[in-house]
1. What are the pairs with Cβ atoms under 9 angstrom where one residue, in segment 48-74, is without any contact (Cβ under 8 Å) to a residue 60 or more places away in the chain and the other, located anywhere, is open to solvent by 100 Å² or more (accessible area, probe 1.4 Å) and among the basic types (Lys, Arg)? Sequence gap at least six, or different chains.
2. Taking segment 30-60 as the search range and keeping residues that are exposed (fewer than 14 other Cβ atoms within 10 Å of the Cβ) and not β-branched (Val, Ile, Thr), which one is farthest from Glu19 (Cα to Cα)?
3. Have a look at His25, His12 and point out the one that is out of contact with any Leu (no Cβ under 6 Å at 6 or more places or on another chain) and either at pLDDT 95 or above or in a helix (DSSP H, G or I) (or both).
4. Within the group Tyr18, Tyr39, which residue is within 28 Å of Glu66 (Cβ to Cβ), in contact with an Asp or Glu (Cβ under 7 Å, 6 or more places away or on another chain), modelled with pLDDT of 70 or more and aromatic (Phe, Trp, Tyr)?
5. Do we find that Asp33 is part of a helix (DSSP H, G or I), at pLDDT 95 or above and among the acidic types (Asp, Glu) in this structure?
Amino acid sequence: MAANEKQVGGNHYKQFKYETWDVIHDWNLGYFDGNAVKYLSRWKHKGGINDLRKAQHYIEKLIELETKIEQEGK
């Protein structure tokens with residue numbers, strides 16, 4: 001069985017046309033932006049406001065990291 005044919009722990013991703021991990025892979029996202037996309041894609045169907053907070057947290061960390069890289073490059 002292919003990984004996309006099953007879901008462990010619920011069905012919150014199965015309702016979408018595209019699997020979130022396929023989008024993350026296709027868009028070549030990293031850990032932080034990929035997790036933000038994951039939580040944004042499922043918040044209405046699984047974790048509610050808490051998933052939005054998780055997405056926000058990953059975005060905040062990504063901003064910190066990218067700001068540091070930008071400042072070091074100057």
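1. Sorted first by the residue in segment 48-74, then by its partner, the pairs are Asp51/Lys44.
2. Step one: of segment 30-60, the residues exposed (fewer than 14 other Cβ atoms within 10 Å of the Cβ) are 30-31, 44, 48-50, 53, 56, 60.
Then drop every residue that is not not β-branched (Val, Ile, Thr), which leaves 30-31, 44, 48, 50, 53, 56, 60.
Numbers: Gly30: 16, Tyr31: 16, Lys44: 16, Gly48: 19, Asn50: 21, Arg53: 21, Gln56: 21, Glu60: 24 Å.
Among those that are exposed (fewer than 14 other Cβ atoms within 10 Å of the Cβ) and not β-branched (Val, Ile, Thr), it is Glu60.
3. Details: His12 fails: either at pLDDT 95 or above or in a helix (DSSP H, G or I) (or both).
Of His25, His12, the one residue that is out of contact with any Leu (no Cβ under 6 Å at 6 or more places or on another chain) and either at pLDDT 95 or above or in a helix (DSSP H, G or I) (or both) is His25.
4. Values: Tyr18 fails: in contact with an Asp or Glu (Cβ under 7 Å, 6 or more places away or on another chain).
Answer to the check: Tyr39.
5. Working: part of a helix (DSSP H, G or I): yes; at pLDDT 95 or above: yes; among the acidic types (Asp, Glu): yes.
Against the criterion (part of a helix (DSSP H, G or I), at pLDDT 95 or above and among the acidic types (Asp, Glu)), Asp33 qualifies.
The values are calculated or read from the model by the stated rules, or taken from the named source; none is laboratory data. What you see is a predicted model, and the numbers here were worked out from it, not measured in a lab. Every residue, glycine as well, gets a Cβ built from its backbone with ideal geometry; the counts of neighbours run over all protein chains shown. These area figures cover heavy atoms from the full protein model, side chains too; ligands, DNA and RNA do not enter into them. Shrake-Rupley method; radii C 1.70, N 1.55, O 1.52, S 1.80 Å.
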